[in-house]
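The values are calculated or read from the model by the stated rules, or taken from the named source; none is laboratory data. Note that the coordinates shown come from a computational prediction; the quantities given were computed from them, not determined experimentally. For neighbour counting, all protein chains shown are included, and Cβ atoms are generated from backbone atoms with ideal geometry for every residue, glycine included.
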Amino acid sequence: MIIELGASSDNQYASCGSDIPYPPLWPLIVYKELAEEVVERYGITYGLCMDIGSGVGMFGIELAIKTKLEVLLIDAERNVLEKGLKNAEYLKVKNRVMAVQADAHSLPFRQNSFNLAVSRGAIPFFKNVTEVLREVFRVLTLGGVAFVGGGFPQRLPKKLREEFESKRKQFFNSPEGRRYLPLEKWKMEEWVKEARISGFKIIRSELGRWIEIVKSV
């Protein structure tokens, strides 16, 4: 289902100044720096990109800002996608950002469609990570790249890194957070192998865990 942004009856744009209408869970610097890392690492600046489990869309939107990519925000929740489209409109990339309400375990796209797929922080919410990775691989073009995982960019100032990591650990130790699998327990190599995907690399750092997939066959 492609969601179109209709006219808004609220006055958020007029009153929010430099703030976006719907801030994401983490400060914008997280998504800005992650997008910059992805662009520098893979050099994919044209074509089609999807942000899986996008929430209010800031990872995908930042990629749209920094490149000429056409970006699809993918999430199971319509309300967050509508917020993501309003964020894209506010940041003046609405012409290259669309939203599709879909289940990541069964993406409604043809194979070999996307040049880039990204996802940050959605893994704990997937029922079957292996199925999602298999779907991501299916829809990537030859030479396409997927960057899926969680955590924070490497270039954050030390003070912010420590603050964000402390908050992340607090969440996963809370009653709500204990319902989800923290990244320290992610079985990333096992998931990718079960999906029968070759051409992958597991990127581990003190700030995150990421699966990098480059489709060559």
**Item:** E189 touching a residue at least 60 places away in the same chain (Cβ under 8 Å), surrounded by fewer than 20 Cβ atoms within 10 Å (Cβ to Cβ) and among the acidic types (D, E)
**Value:** no
**Asked** Taking E184, is it over 21 Å from S54 (Cβ atoms) and among the acidic types (D, E)?
**Response** yes
**Message:** Looking for something touching a residue at least 40 places away in the same chain (Cβ under 8 Å) and within 19 Å of I211 (Cα to Cα) - is there at least one such residue anywhere in segment 66-79?
**Reply:** no
**Request:** Sort out which residues of segment 195-215 are over 17 Å from the mean Cα position of the chain (by Cα), assigned to a strand (DSSP E or B) and either modelled with pLDDT under 95 or surrounded by 19 or more Cβ atoms within 10 Å (Cβ to Cβ) (or both), and write them in order of number.
**Result:** F200, R204, S205
**Prompt:** How many residues does segment 29-87 contain that are out of contact with any Gly (no Cβ under 8 Å at 6 or more places or on another chain), assigned to a strand (DSSP E or B) and surrounded by 23 or more Cβ atoms within 10 Å (Cβ to Cβ)?
**Reply:** 1
**Request:** Any residue in segment 91-118 that's part of a loop (DSSP other than H, G, I, E, B): show its pairings with residues that are among the basic types (K, R) at Cβ separation under 6 Å, as long as the two are six or more apart or on different chains.
**Result:** Q111/R138
**Message:** If I ask for residues that are in a helix (DSSP H, G or I) and modelled with pLDDT of 95 or more, which ones from segment 124-152 would you list?
**Reply:** V129, T130, E131, V132, L133, R134, E135, V136, F137, R138, V139
**Prompt:** Which members of segment 156-176 meet the condition of being loosely packed, with under 15 Cβ neighbours inside 10 Å and not in a loop (DSSP other than H, G, I, E, B)?
**Reply:** K158, K159, E162, E163, S166, K167, K169, Q170, F171
